[in-house]
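Chemist: Shown below is the structure under consideration.
The values are calculated or read from the model by the stated rules, or taken from the named source; none is laboratory data. Source: prediction; values computed, not measured. Glycine also receives a Cβ, built like all others from the backbone with ideal geometry; neighbour counts cover every protein chain displayed. Quick note on the areas: whole protein, heavy atoms, side chains included, nothing else; ligands and nucleic acids left out. Shrake-Rupley method; radii C 1.70, N 1.55, O 1.52, S 1.80 Å.
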Amino acid sequence: MTQTDHRTKAMGEEQIEKVLKGIADAFKSQLRAPILRTPADVGLTFEEVTFPALDGVPLEAWFIPREGSDKLVIVNHPRGFNRYGQPAHLEPWKSMLAPAGNDIEVDFTLDYRILHDAGYNILTYDLRHHGLSGIGNGIVTSGRFEARDVVGAQRYVRSRADLNSMTIGLFSRCLGCNSTMFALSSYPEEFEGVRCLVGAQPLSPQYYYEGQLALSGVPADRIAELDRLIKMATSFSFDQLSPREAAKDVRLPTFIYQVHDDSMSKPIDVQTVFDNIAADEKELFWIEGTTRRWDGYGYFSRNPAPMLAWLDRYMS
């Protein structure tokens, strides 16, 4: 008997319903991670800036200048993270993420140091409901409403005389990647002149929550009930929250990377999103040798060469 089988047998109906309700409720009450580090911790000068999303939600951001460069990478983050990353080595994140092995800190300031040293200016921001940014519609929508934040970042860059003529590339992770795909699909005119996209671990929520239910010991056949509860909380079903259809409108040269054996996803999900991308130039890079999704988020700081090569190819 596996550990999951044991949990399933041990869980009563009341416990199962509590797990399902807790997942659905989290779409309305996103737990915010604190910003524990800044670019100064890795020796970078930066500006604290703020700008509105397309619908006016205030977004908090860092602009990290690279003297003498006319290239800008706009970076965003996964769900439950912020522009710094996520302190999953600390409570309460540690206990919540330990079952999947993801109880490790992810520090994106290391990424900014690498991008800066490679010759890029950087704009990175907290998505709505995350970090220090505003709330918006009161729900997390796996990228549908967060796409307005991606547009807001584009408009902010165009509003600054020192940035509006720069060559732009996008670096978007998980929720941020979903949001970017929804933005490219719904507001393509906002991205004229953007050169390329590096996307980390886009995700259809159904696959993520199938993994979460398995780790929690909830029977797999309860996924349909979870879909119903999430739609009651957000007005959107699993299918509507997936980036699969939006990917069909992504025409930027796109590099996607993903932990292949991610315990919180399935290869078929990212493969389908990738196959749907309409760009003539695209690449899918699998990270092998781990089941931890968070290893995907930290991969760039350990092995940035493939992503830097993509940015260099299209932004030079």
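Chemist: Given the criteria without any contact (Cβ under 8 Å) to a residue 12 or more places away in the chain, of a type outside the set (A, V, I, L, M) and within 17 Å of F51 (Cα to Cα), does R158 qualify?
Modeler: When the stated conditions are applied, R158 passes them.
Chemist: Looking at R148, is it open to solvent by 10 Å² or more (accessible area, probe 1.4 Å) and under 15 Å from the mean Cα position of the chain (by Cα)? Give the steps one after another, and end with the answer.
Modeler: Values: open to solvent by 10 Å² or more (accessible area, probe 1.4 Å): yes; under 15 Å from the mean Cα position of the chain (by Cα): yes.
Considered against the rule, which asks whether it is open to solvent by 10 Å² or more (accessible area, probe 1.4 Å) and under 15 Å from the mean Cα position of the chain (by Cα), R148 comes out as yes.
Chemist: Let me ask something else about it. Which one of A118, A153, A161 is modelled with pLDDT of 95 or more, surrounded by fewer than 18 Cβ atoms within 10 Å (Cβ to Cβ) and within 30 Å of R292 (Cβ to Cβ)?
Modeler: When all the criteria are applied, what remains is A118.
Chemist: Right, next: Please work out which residue is most open to solvent (accessible area, probe 1.4 Å), limiting yourself to region 261-298 and to residues that are of a type in the set (K, R) and over 28 Å from V194 (Cβ atoms).
Modeler: Looking at the filtered set, the residue picked out is K266.
Chemist: Only one of L215, L241 is hydrophobic (A, V, I, L, M, F, W, C), open to solvent by 30 Å² or more (accessible area, probe 1.4 Å) and within 26 Å of I16 (Cα to Cα); which?
Modeler: Numbers: L241 fails: open to solvent by 30 Å² or more (accessible area, probe 1.4 Å).
So the residue among L215, L241 that is hydrophobic (A, V, I, L, M, F, W, C), open to solvent by 30 Å² or more (accessible area, probe 1.4 Å) and within 26 Å of I16 (Cα to Cα) is L215.
Chemist: Right, another one. Any residue that is more than 26 Å from R313 (Cβ to Cβ), at pLDDT 95 or above, among the hydroxyl-bearing types (S, T, Y) and open to solvent by less than 10 Å² (accessible area, probe 1.4 Å) - is there at least one of those in region 49-57? Walk me through it before giving the result.
Modeler: In the first step, residues of region 49-57 are kept if they are more than 26 Å from R313 (Cβ to Cβ); the result is 49-57.
With the extra rule that they be at pLDDT 95 or above, the set shrinks to 49-57.
With the extra rule that they be among the hydroxyl-bearing types (S, T, Y), the set shrinks to 50.
In the following step, the residues that additionally are open to solvent by less than 10 Å² (accessible area, probe 1.4 Å) were identified as none.
Taking every residue of region 49-57 in turn, none turns out to be more than 26 Å from R313 (Cβ to Cβ), at pLDDT 95 or above, among the hydroxyl-bearing types (S, T, Y) and open to solvent by less than 10 Å² (accessible area, probe 1.4 Å).
Chemist: In addition: Within the set of pairs 6+ apart or on separate chains, which have a first residue in region 209-221 that is under 15 Å from F238 (Cβ atoms) and free of Cβ contacts under 8 Å to residues at least 24 places away in the same chain, a second that is open to solvent by 40 Å² or more (accessible area, probe 1.4 Å) and among the charged types (D, E, K, R), and C-beta atoms under 7 Å apart?
Modeler: A220/E210
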